[in-house]
Structures are given as C-alpha cells and as structure tokens.
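Trainee: Here's a structure for you.
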Amino acid sequence: VLAMGALSYLWATPGVAPGFFDMFVLAFVERLFRPTYKKDDIVLGKKLGEGAFGSVYRASSVKPNSKKDGDLVLKKASEFGAVEIWMNERVRRACGNSCADFLYGFLETSSKKGPEYWLLWRFEGEDTLADLMQSKDFPYNVETMILGEVQDLPKGLERENKIIQTIMRQLLFALDGLHSTGIVHRDIKPQNIIYSEGTRTFKIIDLGAATDLRVGINYIPKEFLLDPRYSAPEQYIMSTQTPSAPSAPVATALSPVLWQMNLPDRFDIYSVGLIFLQMAFPSLRSDSNLIQFNRQLKKCNYDLVAWRQGVEPRAGSDLRKGFELLDLDNGIGWELLTSMIRYKARQRTSAKAALAHPYFDKEGLLALSSMQ
Ligand code: ADP
Ligand code: MG
C-alpha cells in the first residue's frame with residue numbers, strides 16, 4: 001500500500017489530486033470522530049424531489065444535541081446510493097465548498113421496500129438555479145443574494161452581465177474543486193445547482209452520476225442515463241479503450257495519465273457552457289427551446305459560430321439581447337462561451353483555465369475600481 005501511495009504521488013499531475021492520504025488516513029480518522037445518524041433520529045418533512053434512483057425529502061433530526069444541525073435534506077436511494085455516499089464523503093474532505101454540506105450516509109435495511117441507502121445533507125436553501133432562472137426577473141432576482149446590497153447602478157446589460165459573471169465564477173470555482181479532486185459530475189444542470197443561504201454562493205448537488213477516475217469508482221459511464229438536455233455530444237467520457245474498472249491501486253497510479261489522455265472533465269464544461277448560454281438568452285431557458293437549440297447546434301456540427309450566423313439575421317429582440325450581452329467588452333463573454341461549447345472535448349477549456357479567462361478579469365478590475 002505504501003508503495004502504491006508513493007507511486008500515486010510520483011504520477012500526480014495538477015489534474016488529479018493524490019488521494020492516498022485522504023483515502024486511507026483521513027477517511028479512517030473521520031469515521032471515528034464524525035457524528036452518525038440512524039433511521040430513528042430522522043423526522044421526514046416535505047418531499048423535494050423524486051428521481052429514477054431515489055426520493056429526496058426535507059427532514060430534521062431528533063437526536064439529542066442535534067439542534068445545531070438545523071434543517072436537513074434526506075435522500076433515500078437505491079443501490080447506487082453506495083457510490084453517492086462515497087462521492088459525498090470524498091468531496092467533503094477534498095473540496096467541501098464545492099458541494100452541499102454532506103453529514104452522513106448509511107444503509108437502512110428495515111424498510112419494507114428492501115434495503116435503501118439514506119443520505120443526509122444540511123438544508124442549504126429553498127432555491128436551485130433552475131428555480132431562480134424560471135423567474136422573469138432573472139438574473140436581477142439573484143443580485144442581492146450573491147452580491148449583497150450594491151450601489152444603485154442603472155439596470156442595463158452591464159449589470160445583468162455582472163450578475164451572470166458572478167454566477168459563472170461560482171459554478172466554475174465549484175467545478176474546478178471537483179475536477180482537481182479527480183471527480184467528474186456528469187449531471188451538471190440548473191436543477192443540480194443549489195443556492196446556499198449560509199455562504200451566499202451556488203453549490204453543486206446530486207453526485208448520483210458522478211465518477212471518480214482516480215480510483216475507478218463508477219467508471220463505466222454508459223451504465224447511466226445522462227440528461228440529454230445538458231450532455232456533451234460524446235457518449236463516453238473516457239475512451240472505450242481504457243480498461244473498464246481497474247482495481248483501486250492500479251487506477252490510483254494510472255489515473256493522472258488516463259485523465260490527461262481523455263480529459264473527462266470537459267464533459268462538465270460543455271454542460272456549464274449550456275447553463276451560461278441559458279443565462280444569456282432568456283428564450284433558451286425553457287426545456288423545449290433548449291432541446292430545439294441542441295438540434296440546431298447538431299445540424300451546425302456543434303459550431304457555435306455557424307449557429308450564430310444562422311440565427312442572428314432573423315433573430316427576435318430576445319436573441320439579439322443575448323448576443324449583445326455576450327458581445328460586451330469586445331465579445332469577451334462570447335469568446336468564453338465558444339471555448340466551452342465545442343464538439344471535441346480536447347478543444348474545450350478547463351474549469352481552471354476558464355476562471356483565468358479575461359471575462360472574469362474585467363469583473364475583478366471593476367470591483368477594484370469601485371473600492372477606490
Ligand atoms: P435527484 O436524484 O432526485 O435529482 P438531488 O440530489 O438533485 O436528487 O435532489 C433533489 C432536489 O432536492 C434538488 O433539486 C433540490 O431542490 C433539493 N435538494 C437536494 N439537496 C439539497 C440541499 N442540500 N439543500 C437544499 N435542497 C436540496
Ligand atoms: Mg438532481
């Protein structure tokens with residue numbers, strides 16, 4: 001084990017954090033000291049969601065001394081829950097700010113429906129990004145939530161752009177945390193982004209389809225139905241030639257190499273690019289129009305510039321407004337968008353590179369100049 005650990009350090013690249021210490025030491029110590037829960041500690045509230053692999057409820061704990069836990073969220077999951085618990089524990093230790101605050105997960109065997117995995121998180125807030133994007137007011141309805149009380153600037157495109165920029169920065173920051181840990185989410189969409197009232201930021205939820213390339217957990221993507229509305233065109237995020245489920249130590253040692261060969265993180269980048277697009281173009285926020293957009297883009301061989309040339313001449317005011325927003329500052333937003341939505345994964349930018357894109361620099365400069 002020591003030798004494999006040393007190997008994984010040797011092989012480590014910036015893309016994949018060496019996980020030896022985390023997996024074998026931290027995980028063990030944490031098991032001993034973190035609070036645990038059991039079925040009788042939990043009181044169920046309103047149902048929040050129902051997916052193919054489980055149901056999600058608002059909940060609270062009646063465990064003695066658990067008042068400080070506040071409101072909770074409980075997911076009762078099928079057999080895939082085991083992977084989801086593993087992912088959440090890993091994320092909590094490696095990049096806790098990226099995702100909703102995970103408390104505990106366990107196997108519950110006394111249910112009539114057969115064994116279920118129960119997962120507990122802190123309740124982060126009422127709204128997902130999908131809920132907030134439904135509002136006619138978006139993105140203004142998010143302004144004070146993430147920027148606080150800012151000075152009364154005129155409500156123009158610049159201001160809208162500033163709010164969207166801030167959301168994008170938070171999403172890319174969270175995604176960079178996951179990717180640097182070796183985790184690809186594979187189900188990035190507004191429904192899986194929660195607004196955290198505590199930190200006043202957006203966080204990622206729902207690691208039910210996530211995969212950790214570093215240890216080969218849930219390695220075979222075709223086992224899952226990906227959400228077609230937000231999926232990148234590639235069906236497999238790792239080349240089909242890479243071995244299907246390497247044993248943990250082998251994968252730990254090889255993963256940085258496989259990662260660099262396949263760049264599986266770029267799958268999430270495509271999805272987050274679609275979210276950027278939906279934020280810029282109000283008409284693309286509905287499911288039906290997003291699906292129609294996907295069809296149009298496919299017809300253009302996933303060339304966003306060709307799509308623009310096709311729709312812009314006969315664009316209504318809504319589409320024109322989106323292009324105008326992305327064209328601000330010499331088209332810096334459009335440039336970022338086109339670097340995320342590309343057919344070839346290899347040609348897409350990474351979360352880390354996107355964060356360093358000048359689209360966000362200008363925002364920093366603005367913040368600086370407003371402080372002076
Ligand atoms: P599913 O597998 O059903 O998609 P999710 O993990 O996405 O499960 O959760 C379903 C819904 O529950 C989310 O869309 C969100 O509205 C809500 N939810 C999940 N986790 C939290 C949390 N930590 N805080 C607040 N709401 C949450
Ligand atoms: Mg979900």
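The values are calculated or read from the model by the stated rules, or taken from the named source; none is laboratory data. Keep in mind that what you see is a predicted model, and the values were worked out from it rather than measured. Here Cβ is always computed from backbone atoms with ideal geometry, including for glycine, and neighbour counts include all displayed protein chains. Each accessible area value is taken on the protein alone, full model and side chains, heavy atoms only, with ligands, DNA and RNA left out. Shrake-Rupley method; radii C 1.70, N 1.55, O 1.52, S 1.80 Å.
Trainee: Give region 161-204 a look and list any residue that's touching a strand residue (DSSP E or B) at 6+ places or on another chain (Cβ under 7 Å), at pLDDT below 95 and either more than 23 Å from Ile85 (Cα to Cα) or open to solvent by 10 Å² or more (accessible area, probe 1.4 Å) (or both), or say none.
Mentor: Listed by number, the list is empty, since nothing qualifies.
Trainee: Here's another thing I want to ask about it. Given the condition touching a strand residue (DSSP E or B) at 6+ places or on another chain (Cβ under 6 Å), farther than 30 Å from Lys38 by Cα, of a type in the set (Lys, Arg) and at pLDDT below 90, answer yes or no: does some residue in region 218-227 qualify? It would help to see each step written out before you state the result.
Mentor: To start, the set of residues in region 218-227 that are touching a strand residue (DSSP E or B) at 6+ places or on another chain (Cβ under 6 Å) comprises 218.
Checking the rest, the ones that are also farther than 30 Å from Lys38 by Cα come to none.
Looking for residues that are touching a strand residue (DSSP E or B) at 6+ places or on another chain (Cβ under 6 Å), farther than 30 Å from Lys38 by Cα, of a type in the set (Lys, Arg) and at pLDDT below 90, one finds none in region 218-227, hence no.
Trainee: If I filter region 251-271 for residues that are touching a Gly at 6+ places or on another chain (Cβ under 7 Å), under 21 Å from Asp176 (Cα atoms) and modelled with pLDDT of 75 or more, do I get at least one hit?
Mentor: yes
Trainee: If you don't mind, there's one more thing I want to ask. Any chance region 71-78 includes a residue that's surrounded by fewer than 16 Cβ atoms within 10 Å (Cβ to Cβ) and near ligand 1 (Cβ under 9 Å from one of its atoms)? Let's see the steps before the verdict.
Mentor: So the first thing to find is which residues in region 71-78 are surrounded by fewer than 16 Cβ atoms within 10 Å (Cβ to Cβ), and the list is 71.
Next, from what is left, pick out any that are near ligand 1 (Cβ under 9 Å from one of its atoms): 71.
Within region 71-78, one or more residues are surrounded by fewer than 16 Cβ atoms within 10 Å (Cβ to Cβ) and near ligand 1 (Cβ under 9 Å from one of its atoms).
Trainee: If a residue must be among the hydroxyl-bearing types (Ser, Thr, Tyr) and away from ligand 1 (no atom under 15 Å from the Cβ), how many such residues does region 175-199 contain?
Mentor: Filtering region 175-199 for residues among the hydroxyl-bearing types (Ser, Thr, Tyr) gives 180-181, 195-196, 199.
Filter once more, so that each one left must be away from ligand 1 (no atom under 15 Å from the Cβ): 180-181.
Summing the residues that are among the hydroxyl-bearing types (Ser, Thr, Tyr) and away from ligand 1 (no atom under 15 Å from the Cβ) in region 175-199 gives 2.
Trainee: What's the number of the only condition in (1) open to solvent by less than 20 Å² (accessible area, probe 1.4 Å); (2) modelled with pLDDT under 95; (3) among the hydrophobic types (A, V, I, L, M, F, W, C) that Ala94 fails to meet?
Mentor: It is condition (1) that Ala94 fails.
Trainee: Looking for whichever is in contact (Cβ under 8 Å) with a residue 60 or more places away in the chain and surrounded by 16 or more Cβ atoms within 10 Å (Cβ to Cβ) here; the options are Leu103, Leu119, Leu157. Which one fits?
Mentor: Leu103
Trainee: When residues of region 51-70 are filtered for being open to solvent by 70 Å² or more (accessible area, probe 1.4 Å) and modelled with pLDDT of 90 or more, how many remain? Before the answer, list the steps.
Mentor: To start, the set of residues in region 51-70 that are open to solvent by 70 Å² or more (accessible area, probe 1.4 Å) comprises 52-53, 62, 64-65, 67-68.
From what is left, the residues that are modelled with pLDDT of 90 or more are 62.
Count: 1.
Trainee: Taking the residues in region 200-212 that are in a loop (DSSP other than H, G, I, E, B) and closer than 21 Å to Met145 by Cα as candidates, determine which candidate is nearest to ligand 1 (Cβ to nearest atom).
Mentor: First, the residues of region 200-212 that are in a loop (DSSP other than H, G, I, E, B): 200, 205-206, 210.
Of the ones still in play, those that are also closer than 21 Å to Met145 by Cα are 200, 205.
Numbers: Arg200: 14, Ile205: 5 Å.
The extreme case among them is Ile205.
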